[in-house]
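To start, the structure under review is shown below, and the notes come after it.
No value in this document is a laboratory result; all are computed from the given coordinates. Because the structure is predicted, anything quoted here is derived from the model rather than measured. Note that we place each Cβ from the backbone using ideal geometry, even for glycine, and neighbour counts take in every protein chain shown.
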Amino acid sequence: MAMPQRVRVGGVILNVPGSEPASPICSAKGCRADAVWVLAWNNPKLHTPDRRKTWLACEEHREYLSKFLGVRGFLKDVVLLEDWESQEPLERQEPPQSPEA
Ligand SMILES: [Zn+2]
């Protein structure tokens, strides 16, 4: 039985353009766990300084992937997936609710 595509129903969808996976699954090789963390990184030999590539990591692989990028000097940031998504300038920007409005 073939594995279905990485589609999740009812969960968050990481809306990153390009070659990133369309759903938040850990980027570690062979791992299909739900991603909890976003590792933002940049390879100065390939990318301009403000460019950010992202890996997704589950709790288990966050440290492993962070070290992998860290020893190469690529790692820029590690943020919770939900925080990353809320800070990404996506098209559907909803203004924060003001309690005093
Ligand atoms: Zn993992």
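Could you work out how much longer the chain between GLU59 and ALA33 gets when fully extended? Use 0.36 nm per residue separation minus the Cα distance between them, nm to one decimal. Mind showing how you got there, number by number?
Numbers: separation 26, 0.36 × 26 = 9.36 nm, distance 0.89 nm.
Full extension of this stretch gives 8.5 nm more.
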Seminar exercise, completed: Taking the dipole of segment 37-85 about the Cα centre (Lys, Arg +1; Asp, Glu -1; charges at Cβ), the one of VAL38, THR48, LEU65 that reaches farthest to the positive side is THR48
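For segment 37-85, compute the orientation-averaged projected area of the C-alpha convex hull (one quarter of its surface), in nm².
Values: hull surface 12.7 nm².
Computed as one quarter of the Cα hull surface, the answer is 3.2 nm².
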